[in-house]
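Engineer: Here it is, the structure, as structure tokens.
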Amino acid sequence: MPEAAPMIAAAIADAVDIARLRDRLAQWMVDNGIGQWLPGEYPAATVAEEIVRREWFVWRDSPEILTAAVRLVWRDPEFWGADDTGAGYIHGLMVAPEFRGRDLGSRILQFCADRTRANGVTRQRLDAVADNPVLRKYYGARGFVEVRETELPPQFHGTSHVVLMEKRLLSGR
């Protein structure tokens with residue numbers, strides 16, 4: 001398999017594609033009984049605002065096709081409350097269904113780890129749906145440790161609780 005293109009900072013023009021990918025994945029979740037994301041709850045206008053703040057990164061194997069995307073932020077008070085500093089917070093990690101099985105999720109997590117370390121931070125954090133054992137196992141296998149369970153912020157409606165997970169980053173990989 002040829003090596004895919006690396007993650008790059010998203011441009012405003014990517015906002016619609018990112019929102020469209022999220023809606024595709026959200027619809028798949030709804031269709032498969034997974035209470036995580038709902039179609040339409042994360043509009044392109046919100047993504048565009050976050051792109052302006054340099055929070056989104058995209059992976060394209062070609063200019064026309066969005067392969068994957070991720071949002072990386074440096075504060076996350078909505079999910080982590082008073083513990084929201086000193087970490088790279090990963091949100092919205094998405095791989096288009098037609099690109100599953102290429103280990104892109106792990107590659108994106110590594111991209112986020114490298115970027116986090118480059119910013120002088122040695123801890124990554126993310127959240128996973130509390131009642132999704134597959135997702136929790138996936139992140140656990142990649143070194144994330146469950147810290148605690150908390151309620152989902154009110155603007156999201158796919159589930160009621162998430163598990164907050166954390167990974168200490170070593171220098172290097």
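The values are calculated or read from the model by the stated rules, or taken from the named source; none is laboratory data. Keep in mind that this is a model prediction, so the values were computed, not measured. Don't worry about glycine lacking a Cβ; one is built from the backbone with ideal geometry, like all the others, and counts go over all protein chains shown. SASA here: full protein model, heavy atoms, side chains in, ligands and nucleic acids out. Shrake-Rupley method; radii C 1.70, N 1.55, O 1.52, S 1.80 Å.
Engineer: So for the range 58-71 (the condition being outside any strand (DSSP E or B), at pLDDT 90 or above, polar (S, T, N, Q) and surrounded by 17 or more Cβ atoms within 10 Å (Cβ to Cβ)), does at least one residue qualify?
Structural biologist: No - not one qualifying residue is present in the range 58-71.
Engineer: Now a separate question. Take the residues in the range 123-152 that are assigned to a loop (DSSP other than H, G, I, E, B) and touching a residue at least 60 places away in the same chain (Cβ under 8 Å); name whichever of them is surrounded by the most Cβ atoms within 10 Å (Cβ to Cβ).
Structural biologist: 132
Engineer: Which of the residues spanning the range 105-131 are of a type in the set (S, T, N, Q) and in contact with a helix residue (DSSP H, G or I) (Cβ under 7 Å, 6 or more places away or on another chain)?
Structural biologist: Within the range 105-131, 124 is the sole residue that qualifies.
Engineer: Quick one: which of 9, 13 is without any contact (Cβ under 8 Å) to a residue 12 or more places away in the chain and more than 24 Å from residue 136 (Cβ to Cβ)?
Structural biologist: Of 9, 13, the one residue that is without any contact (Cβ under 8 Å) to a residue 12 or more places away in the chain and more than 24 Å from residue 136 (Cβ to Cβ) is 13.
Engineer: For the range 78-93, name all the residues that are closer than 12 Å to residue 165 by Cβ and either charged (D, E, K, R) or touching a residue at least 60 places away in the same chain (Cβ under 8 Å) (or both).
Structural biologist: Residues satisfying the conditions are 79, 80, 87.
Engineer: OK, next. Residue 86 versus (1) assigned to a helix (DSSP H, G or I); (2) in contact with a Lys or Arg (Cβ under 7 Å, 6 or more places away or on another chain): which is the lone unmet condition?
Structural biologist: Unmet for residue 86, out of (1) assigned to a helix (DSSP H, G or I); (2) in contact with a Lys or Arg (Cβ under 7 Å, 6 or more places away or on another chain): (1).
Engineer: Something else about it: Can you name every residue in the range 38-57 that is of a type in the set (D, E, K, R) and open to solvent by 40 Å² or more (accessible area, probe 1.4 Å)?
Structural biologist: 49, 53, 54
Engineer: Sort out which residues of the range 72-107 are closer than 20 Å to residue 151 by Cβ and open to solvent by 40 Å² or more (accessible area, probe 1.4 Å), and write them in order of number.
Structural biologist: 75, 77, 78, 82, 83
Engineer: Here's another thing I want to ask about it. Quick one: count up the residues across the range 153-173 that are within 14 Å of residue 124 (Cβ to Cβ), surrounded by 11 or more Cβ atoms within 10 Å (Cβ to Cβ) and at pLDDT below 80.
Structural biologist: So the answer is 0.
Engineer: Working only within the range 111-122, note down all residues that are open to solvent by 40 Å² or more (accessible area, probe 1.4 Å) and either without any contact (Cβ under 8 Å) to a residue 24 or more places away in the chain or within 12 Å of the chain's Cα centre (by Cα) (or both).
Structural biologist: Scanning the range 111-122 gives 111, 114, 118, 120.
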